[in-house]
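Taking it in order: structure first as structure tokens, then the write-up.
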Amino acid sequence: MSSDFSIALVVIIVIVVIVVFICNTYFLINYQHPDDHNQAYLPKGIVIFGLSIAQISILMLPADVANRNACKNSVYLNACNYTLPMKDLWYAVYIIDAIFLFFICPFSFFYYEADEQTHTRKRLLNSFLWVLVLAVVLGLVVGICYALVGYSDFTVRRLESDSIPFTTDFSMLTSAKPLNGVGVRQCSSYLSGDGTSTNWTMRTSFAIYVIAVTTIIGSCLFSIFGGIGIASLPMSLINTFLHRPKTTITLAQYTKEATEIMKRGKEIKEIVLGLQREERARVKGRQWKKNLVKLQQELVFLEQDEQALSEVYPQGEKAEMSWALTVIGYLACLFFGLIGMVVSIMWLVHIIIFMLCSPPRNPFLNKIFIDLDNAWGLLGTVGFGIFCLYLLLAVISGEMLIGLNFLLFRVHPMKWGGTMMNSFLFNVELIIASSISMIQFCAKAFSLYVDATAVQEIFGGTVESLRGVKYLFRYNIFQIAFVCFAFMTIIYYACFSWIRRRN
């Protein structure tokens, strides 16, 4: 029975991997900018593979649970020897994630961002040199840290006892004086207190240390972008519905708004020409970079206003159908916004009552997923996948909110039929970094659901006991930051939404 279950699990995994690659290829084809058609094949391949490995790494957690269940009820003891080697698979996936995060995606990003007039060989050489510098710096930092503090400190309790000779004389045993009655010899540590606890130090493997480093880097990004996004994602969808256009506009109104957009477009063009002159003159200081980020923000706002204008003044023979689809789109924003609000509230409640409270007040989502698995095995997996996918969407939403409103970095929006390849690479790198920490986050959030799995052994046993960084996990620093950013975003929307509505 166990071997049959393992074969079925392998077949399902192969099918899921194929479907993931097909969906990501379809996603790239439909979201890419027309200027990138029939070119930039290397970045496109990296985008498809990067998205797929990030999604597969998330889907491996329910696969790990299913792999554990394959031998849970087996009669013979060696049943677990015929299941998938999930621990080795986790190591492989995380090493691939680290290679993509620190080397492949930066190389593609540097290559794509280079001047198109530069010879291809020089672009490849410059990109390789940038990545080589990054590799040397990371190698030195990680290698030195591993040599000095690459140990795991486990708190253990020492158990010891003396022994007594075994006897075959049971004539003295009665119901009044059983074998386990008063006076029987017990282990000397049976009544021992906390004073018997001690630390056990073990040198961790380099693969585990690389996983820990990438997890910490990803957790910093995930705590900020994910915390902001889990609040902004549903609220932005609901605000989109609340501020929707109620009716179409007249030709005169359309002409007036179109003239204003054209005027803004000319102003942006003048700014672009000015920045190009400064770039040729090699005047690229901090102010130039700040103006470039602000310019990209204005371009995003201009495209949004142009799209909004085309919505309220549909043209062509199917104008009425276009307006009807626009109305349905805004109703869909309300529908998914309300669903997202429920999911966000469930996430925040679960984090507070299960992860931040000591001891946990309620298993909440753990119990829901376990009950769904008991009802039908696939339901728990689907529920887990939905909640993890929602966290990925929240990370992208948080990145967009910070980039558009606080000008901290260049904005890389994802638009249907209008996404440049550098935006793809930026968001793929963000998704990979977040997925690395998201596995650790979900493994801790659903510790009852993933009990006795390989991922829990990696994170719960070794990574969270690493010397120097264990306190970040022990005191739930990333979870606290996640919740704090979420509530600050809620306050931000409550206090400043009227300003956006007035503008």
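The values are calculated or read from the model by the stated rules, or taken from the named source; none is laboratory data. Small disclaimer: the values here were computed from a predicted structure and weren't measured. Because the Cβ atoms are built from the backbone with ideal geometry, glycine has one as well, and the counts that use them run over all protein chains shown.
Examine the range 426-439 for a residue that is part of a helix (DSSP H, G or I), at pLDDT 75 or above and among the charged types (D, E, K, R), and state whether such a residue exists.
yes
Could you list, in sequence order, all residues of the range 340-357 that are within 29 Å of residue 242 (Cα to Cα), touching a residue at least 60 places away in the same chain (Cβ under 8 Å) and over 18 Å from the mean Cα position of the chain (by Cα)?
341 - this is the single residue of the range 340-357 that is within 29 Å of residue 242 (Cα to Cα), touching a residue at least 60 places away in the same chain (Cβ under 8 Å) and over 18 Å from the mean Cα position of the chain (by Cα).
Quick check: anything in the range 103-110 assigned to a helix (DSSP H, G or I), within 17 Å of the chain's Cα centre (by Cα) and either at pLDDT below 80 or within 21 Å of residue 23 (Cβ to Cβ) (or both)?
The answer is yes; a qualifying residue exists.
Out of the range 441-470, which residues are at pLDDT 80 or above and part of a helix (DSSP H, G or I)?
Across the range 441-470, the qualifying residues are 441, 442, 443, 444, 445.
Quick test for you: out of 362, 366, pick the one residue that is of a type in the set (S, T, N, Q) and either in contact with a Phe, Trp or Tyr (Cβ under 6 Å, 6 or more places away or on another chain) or farther than 23 Å from residue 476 by Cα (or both). Can you show your working first?
Details: 362 fails: either in contact with a Phe, Trp or Tyr (Cβ under 6 Å, 6 or more places away or on another chain) or farther than 23 Å from residue 476 by Cα (or both).
Step by step, each of 362, 366 is checked, and only 366 is of a type in the set (S, T, N, Q) and either in contact with a Phe, Trp or Tyr (Cβ under 6 Å, 6 or more places away or on another chain) or farther than 23 Å from residue 476 by Cα (or both).
Please indicate, with yes or no, whether at least one residue in the range 177-197 is under 29 Å from residue 55 (Cβ atoms), surrounded by 10 or more Cβ atoms within 10 Å (Cβ to Cβ) and at pLDDT 65 or above.
No - not one qualifying residue is present in the range 177-197.
Modelled with pLDDT of 75 or more, crowded, with 18+ Cβ neighbours inside 10 Å, among the small types (Gly, Ala, Ser) and in a helix (DSSP H, G or I): does that describe residue 92?
no
State all residues of the range 307-339 that are of a type outside the set (A, V, I, L, M, F, W, C), under 16 Å from residue 236 (Cβ atoms) and free of Cβ contacts under 8 Å to residues at least 12 places away in the same chain; if no residue qualifies, say none.
Hits for the range 307-339 are 307, 329.
Identify the single condition in (1) free of Cβ contacts under 8 Å to residues at least 60 places away in the same chain; (2) surrounded by fewer than 18 Cβ atoms within 10 Å (Cβ to Cβ) that residue 387 does not satisfy, given that it satisfies every other one.
Of (1) free of Cβ contacts under 8 Å to residues at least 60 places away in the same chain; (2) surrounded by fewer than 18 Cβ atoms within 10 Å (Cβ to Cβ), only one is false for residue 387: (2).
Any residue in the range 225-240 that is at pLDDT 85 or above, in contact with a helix residue (DSSP H, G or I) (Cβ under 7 Å, 6 or more places away or on another chain) and under 22 Å from residue 420 (Cα atoms)?
The answer is yes; a qualifying residue exists.
Scan the range 3-26 for residues that are modelled with pLDDT under 80 and surrounded by 15 or more Cβ atoms within 10 Å (Cβ to Cβ) and jot them down.
5, 6, 9, 13 - these are the residues of the range 3-26 that are modelled with pLDDT under 80 and surrounded by 15 or more Cβ atoms within 10 Å (Cβ to Cβ).
So which of 349, 343, 327 ends up being surrounded by 15 or more Cβ atoms within 10 Å (Cβ to Cβ), part of a helix (DSSP H, G or I) and β-branched (Val, Ile, Thr)?
Details: 349 fails: surrounded by 15 or more Cβ atoms within 10 Å (Cβ to Cβ); 327 fails: surrounded by 15 or more Cβ atoms within 10 Å (Cβ to Cβ).
Just one listed residue meets the conditions, 343.
Restricting the search to the range 242-265, which residues are modelled with pLDDT of 85 or more, exposed (fewer than 15 other Cβ atoms within 10 Å of the Cβ) and under 26 Å from residue 334 (Cβ atoms)?
Residues satisfying the conditions are 242, 253.
Cβ-Cβ distance below 8 Å, separation of 6 or more or different chains: which pairs start in the range 20-43 with a residue that is of a type in the set (Asp, Glu) and end on one that is assigned to a helix (DSSP H, G or I) and at pLDDT 75 or above?
Close Cβ pairs satisfying both conditions: 36/44; 36/421.
I'd like the residue in the range 27-64 that is hydroxyl-bearing (Ser, Thr, Tyr) and either at pLDDT below 85 or more than 30 Å from residue 380 (Cβ to Cβ) (or both) and, out of all such residues, is surrounded by the most Cβ atoms within 10 Å (Cβ to Cβ).
So, considering only residues that are hydroxyl-bearing (Ser, Thr, Tyr) and either at pLDDT below 85 or more than 30 Å from residue 380 (Cβ to Cβ) (or both), the one surrounded by the most Cβ atoms within 10 Å (Cβ to Cβ) is 57.
Considering only the range 21-42, state which residues are more than 23 Å from residue 110 (Cβ to Cβ) and touching a Leu at 6+ places or on another chain (Cβ under 8 Å).
Scanning the range 21-42 gives a single hit, 27.
Would you check which residues across the range 365-387 are under 18 Å from the mean Cα position of the chain (by Cα) and within 17 Å of residue 354 (Cα to Cα) and list them?
Hits for the range 365-387 are 384, 387.
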